[in-house]
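Asker: Can you keep this structure in mind? I'll have questions shortly.
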Amino acid sequence: MALVDDRMSVSRAAEWTGGSASVGDYFELLKPRVMSLVIFTALTGMVMAPGGIHPVLGFVALLAIAVGAGASGALNMWYDADIDRIMSRTAKRPVPAGRIAAGEALQFGSVLSVLSVFVLGVAVNWVAAALLAFTIFFYVVVYTMGLKRRTPQNIVIGGAAGAFPPMIGWAAVTGTVSIESIVLFAIIFFWTPPHFWALALVKSDDYARAGVPMLPVVAGPETTRRQIVLYSLLLAPLATAPWLMGFAGLAYGVISIALGAVFLALAVKVWRVTEGPEARRAAMRLFVFSIGYLFTLFAVLLVEHLVVAAGLGA
Amino acid sequence: MADEDGIELTPEQKRRRRARNIAIAAMLVALVGIFYLVTLVRLGGNIASRTM
C-alpha cells in the first residue's frame, strides 16, 4: 500500500495552482544574485571585526545571514507579485510566472526567516540575530509593504536593508555594533540610491506602468540625474572613511579614491547627457560600474585584512 | 464530480514533487549536522576552559 496517494485531495481542485515548481524555482525565490552580495559584504564585516570567530560558527553565521536575506527576497516576491507581473524585468519570476503560488512563497519565506534568525541566535549571538530579524522586517514590512508603492524615497530609506549585512557580520564576531560597522553600513546606504536610480532612468516606463513611484517617474529624469550626482558626491568621500579612520590600509585608500573619482565622473556624465541613446548608455554604464565599485571596495577591505591576519599569523 | 476525485498529478509533477521532497530532506539533514557541529564547538570550548 502506498503511504501517499498520488491523487491529491484538495477541497477545490479547480483553484489549485501549486505543485509544479522545481527546486530551482524555490532557489530563485531567494534572489541568489542579491544573496551573493549579502554573503560577500557580511563576510567582509566578519573578517574586519576585531577578535575572531570559530570557523564553524563563522560559516553558520554566513549561512544564516544568507538564508535570512533570501527569505526576505521570497517575502518580497510574494507581496510584489502583482507589480512584478507588469514589469518586464521581473515578469519571469516564479510567482508572477505562475510556477509558485503566492501562498507557497509566503510560507517558504516565513519559515526561512524564523529559522535563520533562530539559528543565528542560538549558534552565534542574539545581537547579530536581532539585527538580522530587523533587516528582514525592514525589507519586507518597511520597504516592500510601506515605502515602495508610496514614495520616491523608497529605495533611499529601503536601502538600509541591503546595508545591514556587514554590520550583522561584524556583530556575529564582536556581539556589538561599533563605529566601524556603521561606516560599512553607510557606504552601502549611500551607494544604493545612485545605483538604483541609474537603472530606474532606463526602466522608468516599466516602473510607471506598474505604478511604482520611482524618482524618474514622479520627479522626472532631470531631478533624478541631479540626485544621482549629489549622492555620488557624498559616497565618494565617504568610501575613503575606512582608510581615513585607520581600519583599512593604504591600498584601500588609493583604490577607493580612484574608483570614487570614476563613479563621480560617470554620474556627472549621466547628469550632462540627457538625450537619445547616449543618455541611456551613460545611465547603464553607471549602473554596471556601481556594482563593480561596491564589489571592489569590499574585496579590497577583505583581502587587506586577510593579508594582515596571515602576516601576523606567520 | 471532479472536485471529489482530486487531482491526478502528471509524471512531470510527480518528478518535481520528489525532487522537492529530497531537497527538504537534505536541508533537514544539514540542519541536524549544523546543530551537532555547533554543539561540539560551543560545548567543547567551554569544557576545555572550565575551572577544575
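The values are calculated or read from the model by the stated rules, or taken from the named source; none is laboratory data. Please read all numbers here as calculations on a predicted model, not as lab measurements. All Cβ positions, even for glycine, are placed from backbone atoms using ideal geometry, and neighbour counts span all protein chains on display. Calculation scope for accessible area: heavy atoms of the full protein, side chains included, ligands and nucleic acids excluded. Shrake-Rupley method; radii C 1.70, N 1.55, O 1.52, S 1.80 Å.
Yes/no matrix, rows are residues, columns are (1) modelled with pLDDT of 95 or more; (2) outside the structural domain of A:Leu184 (by TED's automatic domain parsing); (3) closer than 21 Å to B:Ala30 by Cα; (4) among the polar types (S, T, N, Q):
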| position | (1), (2), (3), (4) |
| --- | --- |
| A:Ala101 | no, yes, no, no |
| A:Leu112 | yes, yes, yes, no |
| A:Gly121 | yes, yes, yes, no |
| A:Met145 | yes, yes, no, no |
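Asker: Return the total of residues in segment A:270-314 being assigned to a helix (DSSP H, G or I) and of a type in the set (S, T, N, Q).
Answerer: The number of residues fulfilling the criteria is 2.
Asker: If you scan segment A:258-279, which residues turn out to be touching a helix residue (DSSP H, G or I) at 6+ places or on another chain (Cβ under 8 Å) and at pLDDT 95 or above?
Answerer: A:Leu259, A:Gly260, A:Ala261, A:Val262, A:Phe263, A:Leu264, A:Leu266, A:Ala267, A:Val268, A:Lys269, A:Val270, A:Trp271 - these are the residues of segment A:258-279 that are touching a helix residue (DSSP H, G or I) at 6+ places or on another chain (Cβ under 8 Å) and at pLDDT 95 or above.
Asker: Is there any pair with a first residue in segment A:273-288 that is free of Cβ contacts under 8 Å to residues at least 12 places away in the same chain and a second that is in a helix (DSSP H, G or I) whose Cβ atoms are under 7 Å apart and which are 6 or more apart or on different chains, and what are they?
Answerer: A:Val273/A:Ala279; A:Val273/A:Ala282
Asker: Looking at A:Glu304, A:Glu275 in this structure, which one is surrounded by fewer than 21 Cβ atoms within 10 Å (Cβ to Cβ) and among the charged types (D, E, K, R)?
Answerer: Within the list A:Glu304, A:Glu275, the selection yields A:Glu275.
Asker: Now a separate question. Return yes when B:Glu8 is within 7 Å of chain A (Cβ to nearest Cβ), loosely packed, with under 12 Cβ neighbours inside 10 Å and modelled with pLDDT under 95 and no when it is not.
Answerer: Here the answer is yes, as B:Glu8 does meet what is asked.
Asker: Right, next: I'm told A:Val127 meets every condition in (1) open to solvent by 30 Å² or more (accessible area, probe 1.4 Å); (2) free of Cβ contacts under 8 Å to residues at least 12 places away in the same chain; (3) not polar (S, T, N, Q) except one. Can you identify the failing condition by its number?
Answerer: (2)
Asker: Here is a follow-up. Of all residues in segment A:18-38, how many are without any contact (Cβ under 8 Å) to a residue 40 or more places away in the chain and touching a helix residue (DSSP H, G or I) at 6+ places or on another chain (Cβ under 8 Å)?
Answerer: Total meeting the criteria: 4.
Asker: Looking at segment A:113-122, is at least one residue closer than 27 Å to A:Ala241 by Cβ and touching a Phe, Trp or Tyr at 6+ places or on another chain (Cβ under 9 Å)?
Answerer: Checked segment A:113-122: no residue is closer than 27 Å to A:Ala241 by Cβ and touching a Phe, Trp or Tyr at 6+ places or on another chain (Cβ under 9 Å).
Asker: Next question. Name the pairs whose Cβ atoms lie under 8 Å apart, with the first residue in segment B:17-32 and within 18 Å of A:Gly24 (Cα to Cα), the second not aromatic (Phe, Trp, Tyr), and 6 or more positions between them or separate chains?
Answerer: Listed by first residue and then by second, the contacts come to B:Arg17/A:Gly19; B:Arg17/B:Leu9; B:Ala19/A:Ser22; B:Ala19/A:Val23; B:Arg20/A:Ala21; B:Arg20/A:Ser22; B:Arg20/A:Val23; B:Ala23/A:Val23.
Asker: Next question. Does any residue of segment B:31-49 turn out to be facing chain A (nearest Cβ under 10 Å) and outside any helix (DSSP H, G or I)?
Answerer: no
Asker: Pick from segment A:87-111 the residues that are out of contact with any Asp or Glu (no Cβ under 8 Å at 6 or more places or on another chain) and among the hydrophobic types (A, V, I, L, M, F, W, C): which of them is most open to solvent (accessible area, probe 1.4 Å)?
Answerer: A:Val111
Asker: Still on this structure, I have one more. Name the residue, out of A:Leu30, A:Leu63, that is open to solvent by 50 Å² or more (accessible area, probe 1.4 Å) and not acidic (Asp, Glu).
Answerer: Just one listed residue meets the conditions, A:Leu63.
Asker: When residues of segment A:150-163 are filtered for being at pLDDT 95 or above and open to solvent by 20 Å² or more (accessible area, probe 1.4 Å), how many remain?
Answerer: Number of matching residues: 0.
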